[in-house]
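Let me begin by presenting the structure, written as structure tokens, before commenting on it.
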Amino acid sequence: MSEPDGITVDQGLVLDTRAFDAAMFDLDGVVTRTATLHAATWRKLFDAFLRRRAETKGEAFRPFDVERDYRTYVDGKPRHEGIRSFLASRGVTLPEGQPDDRADRETVFGLGARKNQMFRQALGRSGVEVFESSLELIRRLREAGLKTAAVTSSKNAAAVIEAAGLADLFDACVDGVEAERQGLNGKPAPDTFVYAARLLGVDAKRAIGVEDAIAGVEAIRAAGYGLVVGVDRAGQAAVLRQHGASLVVRDLGELRIVPAAPAAPMGLPAAPSAAPEWLLVEEGFTLTREHELESIFAIGNGHLGSRGSLAEGSGMSSPATFVAGAFDAQPGATPGLAILPDWAKLSMTIEGRPLRLDTGRTLRHRRMLDMRQGILWREWRHEDAAGRITRLRGLRLASQADRRLLIQSVAVAPENYSATASLDVPLDEMATRRLGDGGVIALAAASAIGEIGDRSAASGRPPRPPMVLELALGKTYRLDRVVAVCTSREQDQPEVAARSRAGRAINTGLSALITAHREAWRVRWEASDIGIDGDPAAQRALRFAVYHLLSAVDPDDDRVSIGARALTGAAYGGHVFWDTEIFMLPFYVLTWPEAARALLTYRHRTLPAARDKAAHHGERGAFYAWESADTGQDVTPPFVVAPNGEVIPILLADQEQHISADVAYGVWTYWRATRDEGFLLDVGAEILLETARFWAGRAKLESDGLRHIRGVVGPDEYHETVDDDAYTNGMAQWNLETGNAVARLLVERWPERWRVLSESLAMDAAEPLAWSAAARELYTGFDVRTGLFEQFQGYFGLEEIDLAAFEPRNAPIDVLLGRERIRQSKTIKQPDVVMLLHLLWDRFPPEVREANFRYYEPRCAHGSSLSPAIHAAVAARLGDVRLAERYFRQASDIDLGDNMGNAAAGVHAAALGGLWQAAVFGFAGLRFTEEGPEHQPNLPPQWRGVSLRFKWRGKDHELKLPDDRARIGAAPGIAP
Ligand code: BGC
């Protein structure tokens, strides 16, 4: 069967609301569950009647069959028609009687009155149940601009609608009472549906009718509706189809809708995605939210990233555009990502009056991050003090198809005036940004301006700024801009390169550039999307996470990695932390391995700096930078100045040593999932060997016969200079074992590579073997009696602080209680032992995982954005779905709800990666063994389904939960 118009089935059953203006719903069995109540009432009525008749006539009593008789003769029809047709089927004719016959009369009307009385009594007893999924669909259709009506034969519709609280859901109700009043024939006659369409003022061809009864389906078909939806709750799909249903669903929840979307607004070269679940919408303008919105609405392609600042600026705008890896090192300061000139800046004045949100009147203002297409949209209607109304629409993107391009298009229409406007675009042709190390970044802009519909004018370079534009009433003008960004890292003459690239691009035209960009995003989403059915907020948060993760990497550039805030804000100077390998990398490994490989290759390129750092600490091997920039040298700032002026030294560069094991863990994660031999031989093995070697020296054998790692900071940064941090030791132990394992693998499978590598590292065959022994001797802090790991030596003796007593908290706990008090307490910043559980899950028996999580979870203050998602993942894996959900929401709100108050400085990329892990490894329970992928889901109750694709060892996999659910789109009645 081919799909009816307005329906597509490729991604589930999708109804395109653009094809319709109204939808009419039968009530019983479609919206309300009164059908069973009706059927039961009919049975009681007819059985009493038939029994009496059988007795008086001396015939055998044949009861009313709810299955057959109800559906064939009664269901969906007006009451009296149902009585007549059922009785006729039994060869009984009753006198018609009078419409006001009382319930005890043996006439058609008498029986009808009796039925009604019995039904109302039953309704009063049991109330009205509704189908939530139907209500949801009606709401969504109304949001999409469709009108809705109830069309029912029932004379009790008003009472039912009232009892079920549905009055707001319908623009009109055509019920049995109204039908009688208008002299309309009941279903299966088309009259009531024809009448409903007329009542709503819509063309029947643009109306949808929804029915569960055969008579109803026939009526809608006969009324000429554009779409006839049959709801089959009783296994009669084929019959409904025979009688005219264009499609049949078991439940209306199976229908998804595409709401009406404007076609390319005001002649812009593209249109926003129609489906609301792909859009992040900000209506109006709230000055104080501007900073965090600029982060949330950032666009990026892994090479370039740009905050979503307002083009004309505002009192709170901090625009910033970054190039991955372009750090600016001023003498004496730690290097930070260079901030480029504001390429998207554009201001306009009409007859000398600036068009700004803080002047005149904003009639409409809306921004939308279109996550599916990687486009930031803006709509704005503005009225100036002179009453001139101007309409603007704009889009902005960082091309995923050509990562050196930034694109902007703005359409302007004077609504009630003609006037002279001047457009100021500060970045006119060329701007350069010189870096401390002599590097150059060149930005070249090329523009085209013209009147919509007059494309000949939309070419060529505009006059020098400010451009003057004669705006004529009734016309729309569009400015297209392409900014090419080239750096001296890649080109000898970046200015020349940028100029020719921008020129070529503007000649290609924005439509073609955007088509290529959208296609690149489509490919990425196809590989990386995660679908959550039944929880729109979780769906949105995960799409948001994936959007920013996909915006953060350029798989073709292996000299850079992702900063803590990706390319969306200046926090941490764009420095790279363990955030990449431990929080974000699993997403890339499983959905975009090329990106994962590039990120890890960056760590290989920075291996020389890591060796130097180890040497500086008197160790061999690789000690990676806690904060890393372009060269891999440690760029952690040596101190911070607290708000009270106190200078606080930062010990993390020296002490947060777990970073070396984290990088090694990332390498192993990638190797395990891809079996990319080229990577292992050229990149991965060397990192694993050099990090293991570092730990072998760092874990010193002491008089107790054990090795200890003293003077470190674990992930919990509230406690510095501790001995034997559980996470550090646990990961070091893993790193030592894995270093040995990889050496064995090379010796056996690639002896030649081992020979070359071991020679260059001056590593004899005995050295890795000794790592294995060292791993066994490493102190772990595990207490067999309690099953607990002590987070570090002496931790169990510290002060207990009841964190619950500080809720709700509006400042970090270390600020509330002071650093010193926190240091002396068991309060931790983020998971440490729990982090170890998360990473090395299979190493610990279930009771150890449980005991440690229950012990440490209440002691964690979540002072880091990295914390809640990992708690969500671990709680879900332990089966505590409620707690996991709470943490999942907390993690979702770090950027979207700005619940840590610092989203202004960029999105929290690690938290986004963590959120993905919480959904995939936590709720969906995806895990891997040597046999391949497995899953042990623990889904939140409202998650009706999860779907995601991933790659494992060269094969594409698709996970759809729950397992036993028919694939969306393959439900009966819909033949793809
Ligand atoms: C966290 C670190 C993290 C860093 C960058 C800190 O607050 O404690 O674990 O690597 O932020 O995100």
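The values are calculated or read from the model by the stated rules, or taken from the named source; none is laboratory data. Small disclaimer: the values here were computed from a predicted structure and weren't measured. Note that each Cβ is placed from the backbone with ideal geometry, even for glycine, and that neighbours are counted across all protein chains shown.
From the residues in the stretch 556-576 that are in contact with a Phe, Trp or Tyr (Cβ under 7 Å, 6 or more places away or on another chain) and not hydroxyl-bearing (Ser, Thr, Tyr), which one is nearest to the ligand (Cβ to nearest atom)? The selected residue is Ala564. Checked against the criteria, Val30 does not count as in contact with a His (Cβ under 6 Å, 6 or more places away or on another chain) and among the aliphatic types (A, V, I, L, M). Among the residues of the stretch 702-722, how many are surrounded by fewer than 15 Cβ atoms within 10 Å (Cβ to Cβ) and basic (Lys, Arg)? Adding up the residues that qualify gives 0.
Of all residues being part of a helix (DSSP H, G or I) and within 16 Å of the ligand (Cβ to nearest atom) in the stretch 892-903, which is farthest from Tyr588 (Cα to Cα)? Just the residue, please.
We begin by selecting, within the stretch 892-903, every residue part of a helix (DSSP H, G or I); these are 892-896, 903.
Next, from what is left, pick out any that are within 16 Å of the ligand (Cβ to nearest atom): 894-895, 903.
Values: Ile894: 21, Asp895: 21, Ala903: 23 Å.
Filtering the stretch 892-903 for residues that are part of a helix (DSSP H, G or I) and within 16 Å of the ligand (Cβ to nearest atom), the one farthest from Tyr588 (Cα to Cα) comes out as Ala903.
In the stretch 546-555, the qualifying residues are those that are in a loop (DSSP other than H, G, I, E, B) and of a type outside the set (Val, Ile, Thr), and the one that is farthest from the ligand (Cβ to nearest atom) is Pro555. When Ile208, Ile220 are screened for being part of a helix (DSSP H, G or I), under 21 Å from Leu15 (Cα atoms) and in contact (Cβ under 8 Å) with a residue 24 or more places away in the chain, only Ile220 passes.
Surrounded by 21 or more Cβ atoms within 10 Å (Cβ to Cβ) and outside the structural domain of Cys173 (by the TED database): does that describe Glu292? Criteria met by Glu292.
(1) away from the ligand (no atom under 16 Å from the Cβ); (2) surrounded by fewer than 20 Cβ atoms within 10 Å (Cβ to Cβ); (3) not basic (Lys, Arg): which one isn't true of Trp671, the others all being true? Of (1) away from the ligand (no atom under 16 Å from the Cβ); (2) surrounded by fewer than 20 Cβ atoms within 10 Å (Cβ to Cβ); (3) not basic (Lys, Arg), only one is false for Trp671: (2). When restricted to residues that are touching a residue at least 60 places away in the same chain (Cβ under 8 Å) and either in contact with an Asp or Glu (Cβ under 7 Å, 6 or more places away or on another chain) or hydroxyl-bearing (Ser, Thr, Tyr) (or both), the stretch 428-447 contains 5.
For the stretch 44-68, the tally of residues that are farther than 25 Å from Asp251 by Cβ, of a type outside the set (A, V, I, L, M, F, W, C) and assigned to a helix (DSSP H, G or I) stands at 8. Have a look at Leu50, Leu123, Leu45 and point out the one that is closer than 18 Å to Asn156 by Cβ and in contact with a Lys or Arg (Cβ under 8 Å, 6 or more places away or on another chain). When all the criteria are applied, what remains is Leu45.
Which members of the stretch 611-641 meet the condition of being assigned to a helix (DSSP H, G or I) and within 20 Å of Pro335 (Cβ to Cβ)? Those that are assigned to a helix (DSSP H, G or I) and within 20 Å of Pro335 (Cβ to Cβ): Asp612, Lys613, His616. Candidates Arg707, Arg753: the one that is over 30 Å from Asn852 (Cβ atoms) and in contact with a helix residue (DSSP H, G or I) (Cβ under 6 Å, 6 or more places away or on another chain) is Arg753. Among the residues of the stretch 706-721, at least one is aromatic (Phe, Trp, Tyr) and within 16 Å of the ligand (Cβ to nearest atom).
Would you mind stating whether Gly906 is within 16 Å of the ligand (Cβ to nearest atom) and without any contact (Cβ under 8 Å) to a residue 40 or more places away in the chain? No; evaluated as a whole, the condition is false for this residue. Restricting the stretch 16-43 to residues that are assigned to a strand (DSSP E or B) and under 25 Å from Asp75 (Cβ atoms), the residue that is modelled with the lowest pLDDT is Asp28. Only one of the numbered conditions (1) closer than 25 Å to Ser306 by Cα; (2) over 32 Å from the mean Cα position of the chain (by Cα); (3) within 16 Å of the ligand (Cβ to nearest atom) is not met by Thr631, and that is (3).
For the stretch 844-860, taking the residues that are away from the ligand (no atom under 16 Å from the Cβ) and in contact (Cβ under 8 Å) with a residue 60 or more places away in the chain, the one that is surrounded by the most Cβ atoms within 10 Å (Cβ to Cβ) is identified as Asn852. In the stretch 642-664, how many residues are closer than 14 Å to Gly714 by Cα and part of a helix (DSSP H, G or I)? Qualifying residue count for the region: 9. Across the stretch 601-628, the qualifying residues are those that are among the aliphatic types (A, V, I, L, M) and within 21 Å of Ser758 (Cβ to Cβ), and the one among them that is nearest to the ligand (Cβ to nearest atom) is Ala610. Scanning the stretch 889-920 for residues that are touching a strand residue (DSSP E or B) at 6+ places or on another chain (Cβ under 7 Å) and either among the polar types (S, T, N, Q) or more than 18 Å from Leu550 (Cα to Cα) (or both) yields a count of 0. Can you tell me how many residues in the stretch 806-837 are part of a helix (DSSP H, G or I) and away from the ligand (no atom under 13 Å from the Cβ)? Residues flagged as part of a helix (DSSP H, G or I) and away from the ligand (no atom under 13 Å from the Cβ) within the stretch 806-837 amount to 14. Scanning the stretch 861-872 turns up at least one residue that is touching a Lys or Arg at 6+ places or on another chain (Cβ under 8 Å), within 16 Å of the ligand (Cβ to nearest atom) and among the hydrophobic types (A, V, I, L, M, F, W, C). Filtered by the rule that a residue be part of a helix (DSSP H, G or I) and either more than 14 Å from the ligand (Cβ to nearest atom) or at positive phi (or both), the stretch 577-594 gives Pro586, Phe587, Tyr588, Val589, Leu590, Thr591, Pro593, Glu594.
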